[in-house]
Every structure is written in structure tokens, then in C-alpha cells.
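Single-structure report; data block below.
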Amino acid sequence: MYSIQNSEDKPKENEKKETYLKVENLVTNFYTSRGIVKALDKVSFSINKGEIFGLVGESGCGKSVTALSIMDLVTDPPGRVVSGKVIIDGFNIFSDVKDLARIKVKSETDVKIKKNKRAIKRHNLMLSKIRGKKIGMVFQEPSLALNPVLRAGDQIIENIMLHNRVAIADSLINRANLSMNDVDELIKDIQANRNEMGTILNAWCKKNALADIEAQLLSIFRNYNDTKDIETEIVTLIKEGLETVDTNALIEARNYYEYIEELQSLNLSRYNSSENITEETLRDIEGRIKSLQNTEGSKYRSYKIKKIFTGKRVEKIFRQEARRRAKEILTLVNLSDPERILSAYPHELSGGMQQRVMIAIALASDPKLLIADEATTALDVTTQAQILKLIKNLNQYVGASILFITHDLAVIAEMCNKVAVMYAGNIVEEGFVLEIFDKPKHPYTVGLLGAIPSPQVKSSEGLKLKTIKGSVPNLITPPTGCRFHPRCDFAMPICSQSKPKLININDNRKVACFLYSTEVDA
Amino acid sequence: MVEEIGSAGYEKTLPRRRAKRLDNAKSTFRLFIKNRTALIGMIITIAYFVIAVIDYIDPRWLGVENLSTALLFVPGHLANSELPTPPNFSGSWWYYFGTTYSRIPILPVMLGALKYDLTYTVIIVFIGMSVGVIIGSMAGFYGGILDEVVMRITDIFFSLPFFVFALAIVYVLGFSFQNVVIALIIVWWPTYARLTRGLALETKSLKYIEAAKASGASGVKTLFSHIIPNVLSPVYVQISLDLGSVIQIFAGIFFLIGALGSSSFPLEIGYLLSAGLPYLSIGIWWPVIVPALFLLLFTVSVNLMGDGLRDVLDPKLRR
């Protein structure tokens, strides 16, 4: 259906890609009554903008914990991110990880955790501005991850309303301000050269922030010939739901939400202050917050009161607009009857549809990184292929980076640009997909790739399916040194004594194994 | 590949949403009337409420307009010359169920009294429910000290018998409709708090709550738009069961107030019942039994309806 990525995936020399997500030395532990489960042991990797990054490994090796740790959604208790950095778009969400809780380890089974309630509250408030907005997440079992008592549409709309109010207000205002001249010009333009209808419409819609009705406009131009008809249709489409709205109220609401957003982003940067920011910039940020509150705040204090009385009307218009957007997103994820899906309960949808709705919810707030945690594991093979294709298309169309977590090597081969192989809470190898599949370096990767069943095994006599001997270690008492050494064919004396460091062996290839370097991870 | 996106079968939108919702309601109703006992319960319950509403609009439609002044009476005084008359089906419908103290006809008075019982019962249950659901789901969702405190308070409430506790509060506050309502709300919210707390605890650990958090919903948002809607369907059933028990306790308190000899209340069913109490010893049963049966019928039919609702309301149960 689609081929393994080829050479064009390698970044060109002159084009330097920007890092969107950077994970550094992430440590996540689970404090259970049987001991401390060291689920993640200094995991580091980074994802560039627009990249599909795969994370692969046996079950129980910490793939999902990595995803949850990035969102700080590890169930607490017993889980807890202990140290490390997760830098999303230049913002370290764990800059205050040391303040959140004081952990006293007396012995493996006797751990006292003293939480700092105030810091946790602040931390969660900050995270709720990051989750969804900068990172979206698609879960493994769509039937469990959708709220059964809310309609699919409401769940998408909720997410749009949560993060995109300014954008919604903008497009509403633009639509309200559209003059007849603009429409006439568009019609003239299109009738002059019908062949380029799509591109003209696209540009026009972009200019006027009307991207959500582009498809409708296109169908109008296709179905009608008479200029008058087209005009009336377009005007009704644009004015739909706008008759009742007071533009001034909308502008006021927009300014208010913009103020709130600005304040939030300033607060976020202040929050991140423990992250090597100098006193000066900190003071600068605080000054800006104060001046913003002084100049704008008083203006909006009265607006808040006014909002109680006029809010309902504006809110309704906002919801309508959010609904349009939800429809647009549903068509984006290839659901053909968005109107029906919007008013359907999750149990009325099939598994594939549910997963698409799930993706739509994640996309609703326009995140730049999508975490797909075993997003296709619960689906049957044909649906899986469709969803994979969809995710790949979204990566190109929306330009979102994707962290793709799976245990299926074939899926990784089809989907990803880069891949990291995890074993027992460590990343053991990282690099471009083709290179890793071509020449695996780490013994674990070699074993993993060798264990893929193939028809030849059955046909040619004497050949058996290769497996990696032994099983995944118990992470309460992981093996000393390299965690893979008890199962490794190439184990050396040093392997059981010290832990190998993840080192670059060439430009984009990293391996943690003493076969390639003697560097020790402290 | 890129072109495939965004143009996937756009259809002209139709006003289908409303039709669909109507369709949903229809199928819900169809499912409900399959359960005959529940249907009967609902019809009787609705009849009670219709009577109350008519009484509010214009009592003359029930033929009880002349009673309004006669109803302010002091029960408990035996007057030999004016013993209640037994049920009489030959004359006016006023006397079908006989008369009570001072020869007041029971049936029209009962119909007139219904509006007080139903109104205050509904007020008690809904305020108690709102308070209980919010407190209970907050306790379950946030956990920690809040949970402990709320649950210990409900333990205290549950350790006292509802009726006695409510009566004690009424005694402290003074006898009036308003105070009885306040007392019963105070007594009633812990039932809902405990119910929703358990459900919220269960819901909290589900995947879609995690998904909501992952999309950036704050705690309050998660609580109100994900947890509470999910715990509501057992609460609906509890409401319908409680309408039956609250009306009994409400009438019971007024029965006691009447028996104590308090005066000047608008007639309420429990109060009406207490008026016939002194005659029970000399074999005149209808002034007590008839209003009691009237209450019983309401309780039973509301419970039957609640059972039927439980099967229908839960979107997870129906396919």
C-alpha cells in the first residue's frame, strides 16, 4: 500500500530541523508494597517538528509509561516522575519536579512520600494549559477512552472551546465583516478560470479565515451555474447563525479571551523560571504581567460582570462555530457523515470510527505533537491500515509531529522516520528506520528483528523461529549494569558491572552497548 | 494522498439533528412502555402531579373552592355530636370516602392537600439531590481530607434515624412548612453524597477521564462535564425512589404535629390523617386509612416508575 520511507526522510544538510519535544534523563518510579519498580531509567530522546518518531519494544518495557510521563499522567499513587526534563516547545514541564514531593527511601518497600499540595496545584494548573494545546494524545482502546454519556460531537466541541476561543472569535468576526464586494470578486475570479477553482477558493478562505466552509463553498460552485444563485447560497452560508450575533459583543469577547491567553502564556514563562532564566528576564516577565493586569485587567473586570448577562448569547454563537469546526475536523479524519457522528453516542460507532473520533478530539485543539499510544492495537487489520494511513496523512497535512508507540515492528517500518528501541526502561538504540532495520547494532534489536516470523522459516527445513532467550526482567530488582546482559549472546564481564551510555556512533545513530564504545553512564 | 483529506464526501447538511433526537426519545419511550408495571406507575404518578397542578391553577376545577376557609381546623377534639360520617356512594362525590373531624369531606380535601405534599417533596428531593451530588462527587473526585471529612459527616447522619433527626431539627427551628423542608433537606443530602461518592470513585479511574485530562481539561471541568454526567443515571433512580419516602416522612412529621395539637396549618395529608386519629378507638377507620392508602399508592407507583426508568435511562445499558 505504501512503501518504507526512503532516502528523502533524511534531513538535508542545509535544512536544520527544529526540535519540538525533548526528553532528557526521565526517571519514573512506581512505589509499590513489593518494592520500587524502576519503570523508566534515564530515558532521553528528541522529536523534531513534522517527524514521526516510533517507540518500540516488548510489552512491559516502559513505552506507555514514557508517553504518560511526557503528559505527567502517570497514576499517582503509586507512580511518580522522579527526575528529568520534558521540554515541550522550549518549555520544561518538570522544571519543578523536585518541589512536588519529597521522597524518603528507607528501604525498597518502605518509602515515605510527602507531597507539596500547593506546588502540585500550581503544577497541574500549568499542565492543563499544555496538555491538549501543545500535545494531543490518542489512546489505545477508543471504546474506553470516550465518555459514554456525552455525544461524540460534544466531546470534540468541548476540546475546541477549551483552547481555541480567540481563533473562533476571529473567524466569526471575519465572517461578519465580509462585504458583498468580496463575494462578488470571488465569484468573478472563479468564473474567469474555473480550472483553478480549488486554489483560488483555498487562498480566499485563508485570507478571510473561513477555512471551515471551504468544502461547502466548493460544492456550491460545483452544483450551481447561475451567478445569482451562487451569490445567495454563499451569503446564506456565511451569514448562517450570524443574524443574532452582536459583532461588538463578539469583539469584546475576543479581546477578553486574548487578554486571558496572553496572561496565561506570561504566567507559563514565569512558571518556567527555575529553568536557567536570569533574574533580569524574570523581573521583566513579572513587570509585563503587572502592567498587563493594570492596563487591561480593570477593563475586563467590568466585562466579567457583563459576561454573566450577555455571555449566554455569545457562548451559543461560539458553540455553533465550534460545531462547524468539529465537522471540518471529522471530514479531515475521513468520516463521511460528520453530522450524524456529531450527534451519536460513542457506543453507536464502530471501533474504527471511535478511533477516528478519538483522533479528531486530539486534533481539535490543533496540537503540534500527537502521541499515539498503541493507537491501532485494539483494531482489526483492515481498520488498522486505514487509521495508519490517516495518521500518516495528518502528519503531512497538518504538519504535526507524531510519537508513535507500538510493539509491532511492521507498523513502525511503514509509519516512522525515526525509531527508538526500548528495553526494560532504557532506550538501547535510536536511528532512522531504514538504517535500524538494515543494520541493527544492539544485540536486543538484532534479536527483535530476528524474531519476526517469516514464511521461509516453515518452508526450509532445519530453520526455526529465532527468539531472544529468557524473559523481561523484574524491574523491582533489575539486572546490574546493562539491563539486557543476562539475555545477551555477546555479554562481556563489563556488562554486568556498569551501564553503557547511549552514544552517537554516527550522525543520527545512537546505541547503548559496550560492543561499540566503552563509555560508561554514571 | 494529501488531496484525500478534507474532501471526503462532503454532504449538504440537513436539519437532521432534531429529528434524530426525537427518534431517540421515541425509542426510549417505546422501551419504557414495554414494562407494563412501570407504565402503570408512571400514569398514576403523573395523575397525582396533574391534580396538584390543576389545584394551583384553579381549585374550583376540582370542586373544592368552598373548603379553603373550613380547612383551618384544630384536630384532636372529640365531638360526640359531630361524629364523622361513613363512606357514602349514593350522594355527591365529595362524600365517597366519608368525612373526617367536623364533618369535612375527605376526598376533596385530600385532592386539595396534595399540592402541598407534592410541591414540598419535589423541592426537598431536588435541593437535597443537588447538594448531595455536588458534595459527594467532589469528595470522590478530589479524595484526601475532603473525602474523609464528608464521609464521616454522612456517617453521623446515617447513625441517626431519619425521622427522629428531622423531627428534632423541626423542633429546634419551630413548626412551619419552611422549617420542615429545611430539616428534610439537611437529613436527605447524605444519601446522595454517599451514592455519588462511590460512583465518582469508580468513574475517576476510567480511561476517558485520563483522556479528558490529556486534552487539557482542568479539575473542575473534568468534575462537572465528565464525572457528574456519568454518575447521574443511578441518581435519577434514587430520586424516583426518594419521592416516595420523602412524602411519607413529610406527611409523618405533620401527622405528629397535628397529633400534638398544633393548629393553623393549611391542610396537608399527614395533618388530615391526624384529625381522624381520635376516632380510631371507637371503630371509625376511614379518616385514617383512606389518606394513608392515598399516600401508599403514590409511593408504590413512584417506585415502580423508578424501576422502569433505571432500565431505560442508562445509555450504557440500552443498545
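Taking amide hydrogens as placed 1.01 Å from N in the peptide plane, the amide H of A:Phe514 sits under 5 Å from that of no residue at least 5 positions away in sequence or on another chain.
Which whole number gives the average count of other chain Cβ atoms within 10 Å of the Cβ atoms across peptide B:214-226?
Details: counts 17, 19, 16, 6, 7, 4, 0, 3, 1, 0, 0, 5, 5.
For this peptide, the per-residue mean of nearby foreign Cβ atoms is 6.
The order of A:Leu515, B:Leu39 by accessible area, most exposed first and with a 1.4 Å probe, is A:Leu515, B:Leu39. In this rough spin-label picture, where each label sits 7 Å from Cα along the Cβ direction, the A:Ser471-B:Ile145 distance is 4.5 nm. In nm, to one decimal, how far is the modelled label at B:Leu260 from the one at A:Ile494, with both set 7 Å along Cα→Cβ? The answer from the label model is 9.1 nm.
Provide A:Val520, B:Val312, A:Val235 ordered by accessible surface of protein heavy atoms (probe 1.4 Å), highest first. Each step should come with its number before you reach the end.
Working: A:Val520 75, B:Val312 10, A:Val235 45 Å².
Largest accessible area first, the list is A:Val520, A:Val235, B:Val312.
Estimated from the Cβ-Cβ distance and a Förster radius of 22 angstrom, the FRET efficiency linking A:Asn124 and A:Ser46 is about 0.30.
For the pair A:Leu268 and A:Phe437, what calculated FRET efficiency results from E = 1/(1 + (r/R0)^6), where r is the Cβ-Cβ distance and R0 = 56 Å, to the nearest 0.05? Don't skip to the answer; put the middle values down first.
Working: r = 40 Å, r/R0 = 0.71.
About 0.90, to the nearest 0.05.
Each peptide among B:167-180, B:293-306, A:409-422 gets the average number of other Cβ atoms lying within 10 Å of its residues, and from highest to lowest they stand as A:409-422, B:293-306, B:167-180. Calculated FRET efficiency, A:Asn174 to A:Tyr303, Cβ-Cβ distance, R0 = 35 Å: about 0.95 to the nearest 0.05. Full extension of the chain between A:Asn248 and A:Arg222 gives 5.8 nm of extra length, using 0.36 nm per residue less the Cα-Cα distance.
Does the protein assembly as shown come out rounded, prolate or oblate, given a ≥ b ≥ c as the square roots of the eigenvalues of its C-alpha gyration tensor, rounded meaning a/c under 1.5 and, failing that, prolate meaning a/b above b/c? Mind dumping the intermediate values first?
Numbers: a/c = 2.34, a/b = 1.73, b/c = 1.35.
Taking the square roots of the gyration eigenvalues as a ≥ b ≥ c, the protein assembly as shown is prolate.
Of the residues A:Lys290, A:Lys63, the one with the largest accessible area comes first in the ranking A:Lys290, A:Lys63, computed with a 1.4 Å probe on protein heavy atoms.
Gain in length, A:Asp99 to A:Leu515, computed as 0.36 nm per residue apart minus the alpha-carbon separation, to one decimal in nm?
Working: separation 416, 0.36 × 416 = 149.76 nm, distance 3.94 nm.
The span from A:Asp99 to A:Leu515 would gain 145.8 nm if fully extended.
The values are calculated or read from the model by the stated rules, or taken from the named source; none is laboratory data. Nothing here was measured: the structure is a model prediction, and the numbers come from that model. All Cβ positions, even for glycine, are placed from backbone atoms using ideal geometry, and neighbour counts span all protein chains on display. For accessibility, only protein heavy atoms count, side chains too; no ligands or nucleic acids. Shrake-Rupley method; radii C 1.70, N 1.55, O 1.52, S 1.80 Å.
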